[in-house]
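Throughout, read-outs are computed from the coordinates displayed, never taken from laboratory work. For clarity, every value in this text was computed on a predicted model and none was experimentally measured. Glycine gets a Cβ as well: all are built from the backbone with ideal geometry, and neighbour counts include every protein chain shown.
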Amino acid sequence: MPRKTLAQFSIEYLQVLDEDGTIDSDLEPDLPQESLLSLYRGMVRARELDQRMLKLQRQGRLGTFGPCTGQEAPSCAAALAMEDDDWFVGAFRELGGRLMRGEPLTNTLHFHNGWEEGNLLPAEVGRRMLPFAIVVASQCLHAAGLGFAAKQAGKDEAVVCFMGDGATSEGDFHEGLNFAGVWKAPVVFVSQNNQWAISIPRENQTASETIAQKGVAYGMPCIQVDGNDALACFVAVKQALDRARRGEGPTFIEAVTYRLMMHTTADDPRKYRDEAEEQLWWGREPLIRFQKYLADKGLWDDAKEEALREELRAEVDDAVKDFESTKPWAADVPFEHVHGEKHPTIERQHQEFLRNLKEEADA
Amino acid sequence: MPKLTMVQAINLALHEEMTRDERVLVMGEDVGVDGGVFRVTDGIHETFGADRALDTPLAESGILGTAIGMAIAGLRPVAEMQFSGFSYLMMGQWEGNATRMRSRTQGQHTCPLVVRMPYGGGVRALEHHSESREAMYATCPGGKVVIPSSPRNARALMTAAIRDEDPVVFMEPKHSYRSFREEVPEASEVMEIGKAEVVREGNDLTIVGWGAMMRPLLKAADEVAKDGVSLEIIDLLTISPLDSDTVCESVKKTGRCVIVQEAPRSFGVASELIARINDDALMYLEAPVKRLTGYDVVTPYFGREKSYIPPVSRIVGGLRETLAF
């Protein structure tokens, strides 16, 4: 009885727009102009807010946050590919996608300045978006559950769930993909492989040759895309969403990108990585190549770029003004929304808190 | 209605609620075709189909995590942890997500779900199958922890847990699963979560217990009552949010209190109750509040667990000591 091969797999790599802005016209998605422009705008908008937040944080006007600069493409491309009723389940580097899904800039600012105000999204925006997951990979399971519910109800909804490269070492990542695979749940899992989990480089995170192949064992198609190529991200997510809607189950996409900034503003990458590596990746970032692509199509020029930047900076200025002039909610907000109905024990603690607050104020 | 065991009573509540509300489903390891290793979900697969008696892969965090997604999407999952000893893997999802989704979204998304888990000793089970760790789940604000003690209240509390708008850990004392039967009324009953029950009124001493401890506690009370004393007995039923008002009101009347807890002594529900009696009823006490508990050791194997879980004789001794103080 000869030994025989039972399973074999290969992982495809997809790049549509290379780092020099050269398009592969065979792979180019057929997107209307307004979609291309909205995708670019979404990425620039995230970049502008991100960079302003960094300044605010350094000035002591904002708390700790994890910048997304350089990683705008995957979540913005996903937002473009998604329908209104699809669920957006993010980790914490999907600012662009969240904004494109309608999250107001002020929510992001409030949240990162330690105010629960940031959690209250406009109902229409929050309806199909979960708060972003700080507990790494925990959201992969919520996505599988949301997908199960959509499928069971016969709804034409799908779920797009993001996580980082480090998340793929977590049990919840594997459980999430496994459950979704067994249930053939309509979920698109996207790992933003930005090469670093704080100080741990990709090669110390896993011995797997690609992150993408981690999904193979869970019975789903897996692909690696250039995560700084918004068109490749769009093509992959769109195909996966179509597949999900056909009832064929989940897909796993590894989007190879790079964390150009620190993990969070509390982190100093100089301790563990070379600036030369960062410089290399600045040359591959997603915005410049897309701008060139638009210009080659006759859709963009310096004047348009200048006008867009000016408009978005003004929008960010206004949001910062709003955020800094908003009268915060009352100090006792955490006593609301503990349970659906307030238990007498918590009501008493609430009253005690208010008395203490008054005493502190009077003192 | 004939007399039912606790397993049958919970099964009845599940059938009733699944008939009443098509959003309700049961999920977990072996809960479908097999009907659960303790048969709590027996017959649900046949009646409601595989989509509502969902056999899941073997992963506790996965079961709660996906239940969270389902609950957010509008379903009412009743998830089973096969044994509470395996449930600790779901702690991250419980603390990080289930209990705080309501506040993280300022009420837009909630997690109305139930996590059932058999807990406790006394059934000659293998290691990791006998712990009583209710306090662990109770430390997380935003969730609820319910422990029934009899078939009738198990059915009424399960019904309440399924209808509750918040995530509920429903700990089933497996020692009481089949050890006795009780009359369960024909019509569905709902008990209030967050409310303890005075099961026997008395004036000389308050005994507080929950779950599997209620049976030995009642036996011990019967024994001590022969001394001519009047004992008030409280069944907590809900661990969190804890109804210490009912306990403190009773202690104000009796001046004496004994708490019986299967779990290890430290950092447990008894400790919390004593702290609250200290807050609200200290000046009424005529004796120190006594706690009769397990010990702060790794749960012994069943060969020698008998003396670790408070037996009737230890409860009798504790009651007499507190009465004589």
query = Rounded to the nearest 5, what is the percent of antiparallel bridges among the DSSP beta bridges in the protein assembly as shown?
reply = 15
ask   = For a label point 7 angstrom out from the Cα of A:LYS304 toward its Cβ, which stretches of the range A:224-248 have the backbone nitrogen within less than 20 Å?
value = A:229-232, A:234
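Test of understanding: express the Cα radius of gyration of chain A as a ratio to 2.2 N^0.38 Å, with N the residue count.
Working: Rg = 21.8 Å, N = 363, 2.2 N^0.38 = 20.7 Å.
The reported ratio for this selection is 1.06.
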inquiry  = Just want the answer: with Cβ charges of +1 for Lys and Arg and -1 for Asp and Glu, which residue in B:LEU292, B:PRO310, B:THR322 is farthest toward the dipole's positive end in the range B:283-325?
reply    = B:PRO310
ask   = Which ³J(HN,Hα) values, rounded to whole Hz and listed in residue order, are derived for the range A:346-359 from phi using the Karplus coefficients 6.51, -1.76 and 1.60 in 6.51 cos²θ - 1.76 cosθ + 1.60 with θ = phi - 60°, glycine and proline given as x?
value = 6, 4, 5, 5, 4, 5, 4, 4, 5, 5, 4, 4, 5, 4
query = Mind listing the Cα extents of the range B:179-230 along all three principal axes, in Å, largest one first?
reply = 39, 26, 18
key: Antiparallel %, DSSP beta bridges [both residues in the range B:197-324], to 5   = 20
task = Please state the charge dipole magnitude for the range B:167-311, taken about the Cα centre, from unit charges on C-beta atoms (+1 on K and R, -1 on D and E), reported in debye and rounded to the nearest 20.
result = 660
note = So the angle from the long Cα axis of helix B:244-254 to the longest Cα principal axis of chain B, reported in degrees to the nearest 10, equals 20
remark   = CD proxy, 222 nm, chain A: helix-only mean residue ellipticity via -39,500 (n - 2.57) per DSSP H run with n ≥ 4, per residue, nearest 500, stands at -14000 deg cm²/dmol
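List the relative contact order of chain B as a percent without decimals, with contacts defined as Cα pairs under 8 Å and 6+ residues apart. If you can, show how the numbers build up before the last one.
Numbers: 722 pairs, mean separation 52.6, N = 325.
It rounds to 16 percent for chain B.
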message = Can you compute the radius of gyration and Dmax for the protein assembly as shown, using only the Cα atoms, both in Å?
response = 28.6, 98
request  = Could you work out the Kirkwood radius for chain B, taking every pair of different alpha carbons, averaging 1/r and inverting it, reported in Å?
outcome  = 20.0
ask   = For labels at B:MET91 and B:GLU186 in the simple 7 Å Cα→Cβ model, what's the distance in nm?
value = 4.8
query = Can you give the extra length, in nm with one decimal, that the chain gains between B:LEU126 and B:ASP245 once fully stretched, where that is 0.36 nm per residue apart less the Cα-Cα distance?
reply = 39.0 nm
Shielding of A:131-137 by partner chains, average beta-carbon count, 10 Å = 3
key: Fewest-first sequence of A:PHE9, A:PHE323, A:PHE252 by Cβ atoms within 10 Å of each Cβ   = A:PHE9, A:PHE323, A:PHE252
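If r is the Cβ-Cβ distance from A:LYS4 to A:GLU248 and R0 is 22 Å, what FRET efficiency results, to the nearest 0.05?
Working: r = 28 Å, r/R0 = 1.27.
Efficiency computed from Cβ-Cβ geometry: 0.20.
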request  = Could you pull out every residue, at least 5 positions away or on a different chain, whose amide H is within less than 5 Å of the one on A:TRP87? Hs are placed 1.01 Å off N in the peptide plane, and Pro or chain starts have none.
outcome  = A:ALA158, A:VAL159, A:VAL160
Among B:PRO148, B:TYR137, B:LEU217 the positive-end extreme of the charge dipole of chain B (Cβ point charges) = B:LEU217
Simple spin-label estimate for A:LYS297 and B:MET283 in nanometres, 7 Å along Cα-Cβ = 7.9
ask   = So how strong a dipole does the protein assembly as shown carry about its Cα centre when Lys and Arg Cβ are +1 and Asp and Glu Cβ are -1, to the nearest 20 debye?
value = 2040
inquiry  = Over 26 Å between Cα atoms: which of B:LYS3/B:LYS253; B:LYS144/B:LYS253; B:LYS219/B:LYS290; A:LYS55/A:LYS238 fall into that group?
reply    = B:LYS3/B:LYS253; B:LYS144/B:LYS253; A:LYS55/A:LYS238
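What relative contact order, as a whole-number percentage, does chain A give when Cα pairs under 8 Å and 6 or more residues apart are counted?
Working: 612 pairs, mean separation 79.0, N = 363.
This gives 22 percent for chain A.
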task = Name the shape class, rounded, prolate or oblate, that the alpha-carbon gyration tensor gives for the range B:3-86, where a ≥ b ≥ c are the square roots of its eigenvalues, rounded holds for a/c under 1.5, and otherwise prolate holds if a/b is larger than b/c and oblate otherwise.
result = oblate
query = What residues qualify as long-range amide H neighbours of A:THR257, i.e. H under 5 Å apart, gap of 5 or more or another chain, H built at 1.01 Å from N?
reply = A:ASN193, A:ASN194, A:GLN195, A:GLY227
query = Quick one: of the DSSP bridges fully inside the range B:3-183, what percent are antiparallel, nearest 5?
reply = 10
message = I need the phi-derived Karplus couplings for the range B:180-193: 6.51 cos²θ - 1.76 cosθ + 1.60, θ = phi - 60°, integer Hz, Gly and Pro marked x.
response = 7, 10, 8, 5, 10, x, 4, 7, 4, 10, 10, 9, 7, 6
note = Scoring only Lys, Arg, Asp and Glu (+1, +1, -1, -1) among other residues with Cβ under 9 Å from the Cβ of B:MET171 yields 0
ask   = Convex hull volume of the Cα atoms in the range B:3-183, per residue, in Å³?
value = 99
key: ³J(HN,Hα) computed for each position of the range B:73-86 - Karplus, 6.51 cos²θ - 1.76 cosθ + 1.60, integer Hz, glycine/proline x   = 7, x, 7, 10, x, 10, 8, 10, 9, 4, 9, 4, x, 9
ask   = Taking the simple approach of a point 7 Å from Cα along Cα-to-Cβ for both A:LYS358 and A:GLU278, what is their distance in nm?
value = 5.2
ask   = For the range A:66-112 and the range A:190-257, what is the separation of their Cα centres, given in Å?
value = 17
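In which sequence would A:LEU49, A:LEU312, A:LEU95 go, from the one with the fewest C-beta neighbours within 10 Å to the one with the most? Provide the component values of the computation, followed by the final result.
Values: A:LEU49 23, A:LEU312 19, A:LEU95 29.
Ordered by Cβ neighbours within 10 Å, fewest first: A:LEU312, A:LEU49, A:LEU95.
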key: Residue among A:THR106, A:TYR40, A:MET82 farthest towards the positive dipole end of the range A:1-127, charges placed on Cβ   = A:THR106
Rounded if a/c under 1.5, otherwise prolate or oblate - the range B:197-324, Cα gyration tensor axes = oblate
note = Between B:CYS111 and residues 5 or more places away or on another chain, the pairs with built amide H atoms under 5 Å apart involve B:ARG102
ask   = Per residue of A:339-347, what is the mean number of Cβ atoms on other protein chains within 10 angstrom of that residue's Cβ?
value = 6
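Taking the Cα centre of chain B as origin, work out the dipole magnitude from +1 charges on Lys and Arg Cβ and -1 charges on Asp and Glu Cβ, in debye rounded to 20. Could you put the intermediate results ahead of the total?
Numbers: 35 positive and 45 negative charges, 116 e Å.
Approximately 560 debye in magnitude.
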